[in-house]
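The values are calculated or read from the model by the stated rules, or taken from the named source; none is laboratory data. Model, not experiment: these values are computed from the prediction. Glycine gets a Cβ as well: all are built from the backbone with ideal geometry, and neighbour counts include every protein chain shown.
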Amino acid sequence: MIDGTATAEPQTVSRRSTRFRRGEFHAFAGDGAPFVYMTPSAAVYRLDDASVAVLDTLAQGDCSPDELAQALRSRFPLPEVKEAIEELVRIRAVEAFLETPRKAPPAELPAPSPAALQRASGKRVPLSTLVMNVTSKCNLSCAYCYEYGEDRLSEASDKPRFMDEPTARASVDFMFAESGDQKLVNLTFFGGETLLNFKVLKAALGYARERGATLGKRVEASLTTNATLLRSEIIDWLVENDVGVTVSMDGNKEQQDTFRVFKGGMGSYGTVAPNVKELLARHTRRPVGARVTLTKQNLDVRSIYDHLAHTLGFWEVGFAPVTTSWQRDYAIQEDGFYDMLTQFQSLAAEYLEFALAGKRHKFSNVRDTLEEIHKGLNKSHPCGAGMGLMGVATDGDVALCHRFAGSDAHKLGTVHGGVDHDKQQAWLAEHHIATKTDCKTCWARPLCAGGCYHEAHTRYGDTHRPNLHYCEWIRSWTNTCLEVYGTIAAKRPEFLQQFD
Amino acid sequence: MARVQPINKKARRVDADTLATPLAAAAAPDAAAGNDVVALQQGGAPTGPNIPLGCSFVFSPGWEVDSSGGTAGLCQPVERDLYDCYITCFWPVHVPDLYNHAPDWTAKCAAAQKDWRKIDLIFP
Ligand code: SF4
Ligand code: SF4
């Protein structure tokens with residue numbers, strides 16, 4: 001069925017004829033060839049000349065089959081046009097409807113019905129990733145940090161600064177209990193600075209591996225650190241226990257020391273760089289990545305990338321703009337976003353060059369998006385927070401994700417009492433993409449789905465709000481990644497197999 | 001497909017699913033109405049993607065008026081009622097005639113949950 005309202009017509013009006021109009025999609029080019037990204041299915045198709053001509057003609061307004069054939073007769077044989085229409089209708093790039101005077105209303109996204117929610121609550125999304133905030137304390141004081149700085153969310157005063165061992169063990173039990181029949185669970189340590197509580201995180205992972213062996217579940221572990229406290233013994237432990245490491249780092253000495261400073265104001269590059277070198281030299285089994293926070297003062301993506309990827313030799317480098325309210329001095333403003341986009345695009349172009357030559361490039365923002373495009377991810381929610389991913393605060397309170405850990409307003413349960421599943425279901429229903437009116441007509445919604453809840457909370461004080469300050473950026477960036485994807489699909493499709 | 005080539009994994013899945021729908025029926029819902037809408041009595045749901053229609057599929061009490069004759073105390077929000085009739089029902093009687101008389105009836109209402117106040121009042 002193509003159009004629910006059209007087929008609902010009673011038989012008495014069946015003498016009306018079929019007309020065609022464009023469906024919802026985003027057109028892009030890869031290696032000069034035309035492609036479409038379908039919204040909402042997230043499918044990617046390559047078009048031939050006849051199908052492009054059909055879509056171009058319909059861009060002028062809707063047409064009857066005759067009008068369409070007439071418009072294209074000089075360029076394509078009729079059977080080709082017909083075939084193109086049929087196929088475009090099948091993928092929904094073209095909609096067939098019965099002739100009526102009305103304009104097309106915006107497609108109604110199916111909101112989750114009470115019945116569907118009921119079913120969903122019976123069939124819970126199992127927990128696949130637990131992020132443990134082992135401490136909320138940090139030995140650096142980066143002004144932009146949401147945990148510590150001016151945009152802090154949790155009332156840290158009434159919470160312990162360090163997670164104790166019993167809570168850590170209870171968190172591990174909680175993780176297994178909520179993981180359903182998942183054979184693989186991910187345990188991620190976060191902070192504060194995780195290594196300030198190395199003793200407890202070590203005990204937690206030991207216990208998790210032991211319990212996992214009994215329960216027949218594999219535990220993948222990872223942690224994020226600022227690398228100031230990475231000693232040789234810790235690196236030994238990371239290697240032995242196969243722990244994935246992400247280092248929060250902002251670039252070369254000058255870049256790093258702009259914000260990533262110790263309490264007294266001394267820059268941290270001098271401490272971090274040698275530690276990172278040792279880590280990279282010895283921890284070779286798991287990819288070690290750098291994660292960069294971009295600010296108004298530190299936006300030179302190219303030189304940051306070169307330093308981290310080449311001078312220091314990280315396996316991959318990912319960038320994210322600082323999450324903050326727009327008034328802050330380090331918030332990236334309008335022109336900064338444009339600048340950041342241009343730089344991302346030039347790194348993406350380099351990624352493409354590498355891909356076509358069969359080489360690995362370290363810019364992980366492209367890689368991650370390509371994988372999502374390839375799989376055709378169509379998100380009901382922007383991320384796994386509150387669904388397959390949850391964050392535990394130092395006192396054992398469970399919240400949406402690590403960024404909300406410790407915030408009572410975003411609590412979903414405790415590691416001792418488990419998840420309040422009714423609350424979780426209600427929360428998920430409220431944050432479903434169907435409730436985001438502004439995203440309704442956006443072609444990028446299968447991938448963006450409104451964006452990070454924490455960003456929205458910081459910006460607008462409300463997790464429900466889509467991050468409209470980013471839309472232009474997100475759409476431009478998604479388009480760039482689609483072009484990269486299309487070009488690879490055209491020239492070196494075997495490269496995409498890694499995302500299968 | 002000859003003109004449109006599926007590239008990513010999702011496209012291949014869509015392709016496999018929609019192959020069950022005869023192309024002619026997809027392109028001409030009018031002529032192929034017989035194949036397009038299937039009553040459950042005819043032997044269950046068709047293969048391939050399909051949308052169940054009709055209010056008997058959902059629990060929809062509380063139609064036009066509440067016990068006092070108004071709309072304030074309906075057992076579910078009025079916009080839910082409207083959309084049950086408007087989108088999922090084959091019986092376009094409880095709602096404005098969206099085919100002829102009031103085609104843009106809900107044009108300003110992008111999401112019923114938030115915008116239902118923007119649904120036009122229609123006087124027959
Ligand atoms: S937040 Fe903006 S870019 Fe993202 S889905 Fe919504 S409208 Fe699109
Ligand atoms: S809410 Fe934001 S920070 Fe939390 S998991 Fe989602 S994207 Fe990440």
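Looking only at the stretch A:450-471, residues that are within 13 Å of ligand 2 (Cβ to nearest atom) and assigned to a helix (DSSP H, G or I) come to 8 in all.
Reported count of residues in the stretch A:433-482, each being touching a residue at least 40 places away in the same chain (Cβ under 8 Å), more than 6 Å from ligand 1 (Cβ to nearest atom) and within 13 Å of chain B (Cβ to nearest Cβ), is 9.
Quick check on the stretch A:305-334: of everything there that is acidic (Asp, Glu) and modelled with pLDDT of 95 or more, which residue is farthest from A:Tyr453 (Cα to Cα)? Full working, then the answer.
Restricting attention to the stretch A:305-334, the residues satisfying the condition of being acidic (Asp, Glu) are A:306, A:316, A:329, A:334.
Adding the requirement that they be modelled with pLDDT of 95 or more leaves A:306, A:316.
Values: A:Asp306: 31, A:Glu316: 25 Å.
Step by step, filter the stretch A:305-334, then rank; the result is A:Asp306.
Tell me, please, whether a residue that is more than 9 Å from ligand 2 (Cβ to nearest atom), more than 14 Å from every other protein chain (Cβ to nearest Cβ), in a strand (DSSP E or B) and crowded, with 19+ Cβ neighbours inside 10 Å can be found in the stretch A:380-389. Please lay out each step first, then the result.
Going residue by residue through the stretch A:380-389, those that are more than 9 Å from ligand 2 (Cβ to nearest atom) are A:380, A:387-388.
Adding the requirement that they be more than 14 Å from every other protein chain (Cβ to nearest Cβ) leaves A:380, A:387-388.
Now narrow it down to the ones that are in a strand (DSSP E or B): none.
There is no residue in the stretch A:380-389 that is more than 9 Å from ligand 2 (Cβ to nearest atom), more than 14 Å from every other protein chain (Cβ to nearest Cβ), in a strand (DSSP E or B) and crowded, with 19+ Cβ neighbours inside 10 Å.
Test A:Glu350 against the criterion of being within 16 Å of ligand 1 (Cβ to nearest atom), within 27 Å of A:Ala309 (Cα to Cα) and of a type in the set (Asp, Glu), and give yes or no. Lay out the reasoning, then the answer.
Working: within 16 Å of ligand 1 (Cβ to nearest atom): no; within 27 Å of A:Ala309 (Cα to Cα): yes; of a type in the set (Asp, Glu): yes.
When the stated conditions are applied, A:Glu350 does not pass them.
For the stretch A:172-182, what are the residues that are surrounded by 19 or more Cβ atoms within 10 Å (Cβ to Cβ) and either acidic (Asp, Glu) or not in a loop (DSSP other than H, G, I, E, B) (or both)? Outline the logic, then answer.
We begin by selecting, within the stretch A:172-182, every residue surrounded by 19 or more Cβ atoms within 10 Å (Cβ to Cβ); these are A:172, A:174-176, A:178-179.
Within the stretch A:172-182, A:Val172, A:Phe174, A:Met175, A:Phe176, A:Glu178 meet the criteria.
Any idea which residue in the stretch A:6-23 is nearest to A:Ser64 (Cα to Cα), counting only those that are surrounded by 17 or more Cβ atoms within 10 Å (Cβ to Cβ) and at pLDDT 50 or above? Quick ask: steps written out before the conclusion?
Going through the stretch A:6-23, the residues surrounded by 17 or more Cβ atoms within 10 Å (Cβ to Cβ) turn out to be A:6-9, A:18-20, A:22-23.
So of that shortlist, the ones also at pLDDT 50 or above come out as A:18-20, A:22-23.
On the way: A:Thr18: 6, A:Arg19: 4, A:Phe20: 6, A:Arg22: 12, A:Gly23: 15 Å.
Among those that are surrounded by 17 or more Cβ atoms within 10 Å (Cβ to Cβ) and at pLDDT 50 or above, it is A:Arg19.
Looking only at residues of the stretch A:34-62 that are at the interface with chain B (Cβ under 10 Å from one of its Cβ atoms) and in a strand (DSSP E or B), we find that the one that is nearest to B:Lys10 (Cα to Cα) is A:Val44. Scanning the stretch A:418-445 for residues that are away from ligand 2 (no atom under 15 Å from the Cβ) and in contact with a Phe, Trp or Tyr (Cβ under 9 Å, 6 or more places away or on another chain) yields a total of 4. Hey, any hits in the stretch A:327-334 for a residue that's more than 16 Å from ligand 2 (Cβ to nearest atom), of a type in the set (A, V, I, L, M, F, W, C) and within 14 Å of chain B (Cβ to nearest Cβ)? The answer is no; no qualifying residue exists. Of the residues A:Arg209, A:Arg169, A:Arg218, the single one that is surrounded by fewer than 19 Cβ atoms within 10 Å (Cβ to Cβ), under 18 Å from A:Asp395 (Cα atoms) and out of contact with any Asp or Glu (no Cβ under 9 Å at 6 or more places or on another chain) is A:Arg169.
For A:Ala489, the conditions (1) more than 16 Å from ligand 2 (Cβ to nearest atom); (2) in a loop (DSSP other than H, G, I, E, B); (3) touching a Lys or Arg at 6+ places or on another chain (Cβ under 9 Å) are fulfilled apart from (2). Being part of a helix (DSSP H, G or I), surrounded by fewer than 20 Cβ atoms within 10 Å (Cβ to Cβ) and either away from chain B (no Cβ under 11 Å) or at pLDDT below 90 (or both) is a condition met by no residue of the stretch A:91-100. If you go through the stretch A:398-413 and keep only what is more than 13 Å from ligand 2 (Cβ to nearest atom) and free of Cβ contacts under 8 Å to residues at least 40 places away in the same chain, you end up with A:Ala409, A:Lys411, A:Gly413. Set side by side, the residues A:Ser364, A:Ser380 differ, and just one is away from ligand 1 (no atom under 16 Å from the Cβ) and among the small types (Gly, Ala, Ser), which is A:Ser364.
May I ask you to list the residues in the stretch A:201-227 that are in contact with a strand residue (DSSP E or B) (Cβ under 7 Å, 6 or more places away or on another chain) and among the hydrophobic types (A, V, I, L, M, F, W, C)? Talk me through it step by step, then tell me what you get.
Taking the stretch A:201-227 and keeping what is in contact with a strand residue (DSSP E or B) (Cβ under 7 Å, 6 or more places away or on another chain), we get A:201, A:204-205, A:208-209, A:212, A:217-227.
The answer is A:Leu201, A:Ala204, A:Leu205, A:Ala208, A:Val219, A:Ala221, A:Leu223, A:Ala227.
Counting only helices (runs of 4 or more DSSP H) that fall entirely inside the stretch A:236-342 and contain at least 3 residues that are over 22 Å from the mean Cα position of the chain (by Cα) and surrounded by 19 or more Cβ atoms within 10 Å (Cβ to Cβ), the qualifying elements are A:253-259, A:269-282.
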